[in-house]
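Encoded as structure tokens, the structure appears first; notes follow it.
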Amino acid sequence: MEIANNSLREKAQKLISSPWILLALFLISGLVGIGVATTYTNSYTLVVPPALIVGVVIFRFSSGDRVINTNSYIQTRLLLSVIIIGFGLVIFLFINSQYQRTSEVHILIAGLYGAAALLASMRPYIALYSGLSIGVLQRAMIYYSSATQFGLDTLFHQQMASRIAEVGSTQPLQMAESKYFATPFYHLLGSISVQIGGTTIRNAGFVIATIVAVIIPVAIIFTICQNCWNLRAGALAAILFLLSDYAIYFAMRPRPLSLSFGFFSILLIGLYRYITTRDIRHYCVFVAAMLGSVLTGHFVPFLLLLATILICGTYYIISPQKLRSVLLYPLIATVAVMSSWILTVYQSGNEGQTSFFQSIIQISIFKLQSTGNRNTVLPESEHYIVPGANALDPIQIAPTGILIAMAVAGLISIRFREDGNKSITLSLAGIFGIFSVFAFAGPLVGFSLLQPHRWFAFIYVPVTILAGVYLSSLNLDFFRDSQIISGIIILVLVSSTAMLAGGNYRGGQDGPIIDSPGAERLTVKDDEHAGMQFVAKHQGPHVLADFNTWQLLDRHYNAKSKVYRYSEYGGSSSHKTPYLAVYRPYSNTFKAKYRIDAEVGYWTVKGPIPKPNGHKIYANKGVRIIYVSQ
């Protein structure tokens, strides 16, 4: 039996270790994806499959024998001076533009990321600290450009944390019939931060999100690269993570999911180090990460379980370990997942409670039964579009495509050179592959479980590590001045990716500079804030607003309202008169969301909302409050 197991392990090891198999797998996946794009065309199918093929092509430009050294051409002090001056200029322009990120600010931030990437070849630690400072500044500008807290789920979680700080118990979660009543880790952390720091929940939320979703992941990404490859790779990987759109997006949304970044990163380093060193301290780190995930919500433990299985499975195949020596950790993670899914309940008043475990089974059965069914009876119209991937132009997904292409190139080149730690390399590749199934493949056939967009941020952790290794060993010896050319390519590549990621639908929450119907502004302007305060103080029997304004009124201003809803575009409103209508300039764009009646329920669509006819009772710049009597 032992001989048979060893034989199977050797075959599995050869299978997953072969760089040619990896190359063929990515190439086939890319070609199949391009074929799928001819039938199911959206921004993701147009960008991601070609990115896989590009990665297969450009891996040849990486070499472990030659490392970029820009020290001969750019003095460290000069580069640092540029970063410091640019940093101050960004702050000046931001304040001068009334705390808004203008195009000049976007360009400067992108250039600073590029300069920090160049610095990685000379002073990796200084490059790391520079990139981290730029990343925190960028996130602070987005976060505080809004007149109020923004983010739909964030509003609820911040409100709960603030109320817990006031009453001194988790009773507000219970009264709100929240599924987070049994997993209140974030809310307790937020309330404690408010009490100890003597600050507002908004400031406390930013500090928490910065620590767990920025500093901890960056530190662990740098440490993994340092241990398995080199300091340059660590600094470049950290910079790529900091500039990525979903990393920005989740750091701007203080909520339980923000903590998952920290737990995921901690588990990666803790579990790997324990199974390789058997140091009990690393085992405690792994257990702490799993325990913290259970107290955070239902999504994080499942994500950590998958990562645990991939890391332990890869280590078992690669190293001469017995199965029972690595089986304990997936079992612990499985117990954590089941505990979380049973503890997490949906409270529905008189109808009792339903555990998330029961809910996930019911949803899975329904999704499996409807897999592949992409039909819709929503009529096409020039007046609106359906939210989602179809509302995005391919350029919105370009940063993801660039990072994936570099990651694929990095992974293949690492395996051809047999560079770095084989176990951690293949573990990162497995995490990238399995997480991508939930993010890309599932929704493509109609099986979208656990909100696919949540997986992107975690995909970026292995992706940026592998991409950082690729950039750190970029080799263009066929050019006469290969060092200068390599430096220019890194500067342009990093800066352009930062520009795209910081201004797209995820990185530009304060107002995307890369326009698409799906690229929404989530921040609140001063005139909108004043208008919603007026509504909260003088609301009538009914208040109508676009989707985002409705969420804000309900969760931040404690004012009840409803979403604009029509029988068809330009048709009669399904709401009784009289009512107050909140109409802002944003309502007249293809980014505004409202509802159209369906045979059963309604559709949420994006498009210009017909302006209500009535008496204007409030006006502030472009914001109007209209009284409609008939």
Check: Got a sec to turn the phi values of segment 131-137 into Karplus ³J(HN,Hα) couplings, 6.51 cos²θ - 1.76 cosθ + 1.60 with θ = phi - 60°, whole Hz, x for Gly and Pro?
Finding: x, 5, 5, 5, x, 5, 4
Margin query: Just to confirm the number: angle between the C-alpha axis of helix 216-228 and the first principal axis of the chain, 0 to 90 degrees, nearest 10?
Written below: 10
Item checked: Estimated vicinal HN-Hα couplings, Hz - segment 269-275 in sequence order (Karplus 6.51, -1.76, 1.60; Gly, Pro = x) -> 6, x, 5, 4, 5, 6, 6
Notebook entry, point to check: Taking the highest mean first, how do the peptides 258-264, 498-504 order by number of other beta carbon atoms within 10 angstrom per residue?
Noted result: 498-504, 258-264
Check: If you average 1/r over all unlike Cα pairs in the chain and invert the result, what Kirkwood radius do you get in angstrom?
Finding: 26.0
Next item on the list: With a point put 7 Å past each Cα toward its Cβ, work out how far TYR618 is from ASN558 in nm, to one decimal.
Entry: 1.7
Item checked: Cα centre as origin, Lys/Arg/Asp/Glu Cβ charges: the chain dipole, Debye -> 500
Next item on the list: Using the 2.2 N^0.38 Å rule of thumb for compact globular proteins, work out how segment 218-286 stacks up: its C-alpha Rg over that value, please.
Entry: 1.22
Margin query: Students often check this: by mean Cβ neighbours within 10 Å, which of 461-474, 34-47, 291-304 ranks highest, and how do the rest follow?
Written below: 461-474, 291-304, 34-47
Item checked: Crossing angle, helix 526-538 versus the chain [Cα axis fit, 0-90 degrees, rounded to tens] -> 50
Item checked: Of LEU500, ILE488, PHE547, farthest towards positive along the dipole that unit charges on Lys, Arg, Asp, Glu beta carbons give segment 480-630 -> PHE547
Checklist line | Orientation-averaged projected area, Cα convex hull of segment 142-236 (nm²) | finding: 8.1
Item checked: ILE95 paired with ASP526, simple spin-label distance in nm, labels 7 Å along Cα-to-beta-carbon -> 1.6
Note to self: Need the full-extension length gain, SER133 to ARG60, defined as separation in residues times 0.36 nm minus the C-alpha distance. One decimal, nm.
What the structure shows: 23.0 nm
Check: Longest span of the chain, sites excluded, free of trypsin sites (Lys or Arg not before Pro) in DSSP loop with at most 15 other C-beta atoms within 10 Å?
Finding: 67-277
Next item on the list: Provide the FRET efficiency to the nearest 0.05 for the TYR627-VAL82 pair, computing r from the beta carbons and using R0 = 51 Å.
Entry: 0.35
Checklist line | Helix axis angle, 201-210 relative to the chain longest principal axis, alpha carbon, degrees | finding: 20
Check: If you take the beta carbon distance between GLU418 and ASN588 as r and set R0 to 45 Å, what does 1/(1 + (r/R0)^6) give as a FRET efficiency, to the nearest 0.05?
Finding: 0.15
Margin query: Output wanted: per-residue J couplings in Hz (rounded whole) for segment 485-494, from phi through Karplus 6.51 cos²θ - 1.76 cosθ + 1.60, θ = phi - 60°, x for Gly and Pro.
Written below: 4, 4, x, 5, 4, 4, 4, 5, 5, 5
Notebook entry, point to check: Quick one: if you stick a label point 7 Å off each Cα along the C-beta vector at ILE34 and ILE488, how many nm between them?
Noted result: 2.9
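Rule-based calculations on the coordinates, nothing more; no lab input. As the structure is a prediction and not an experimental result, all values here were calculated from the model. All Cβ positions, even for glycine, are placed from backbone atoms using ideal geometry, and neighbour counts span all protein chains on display.
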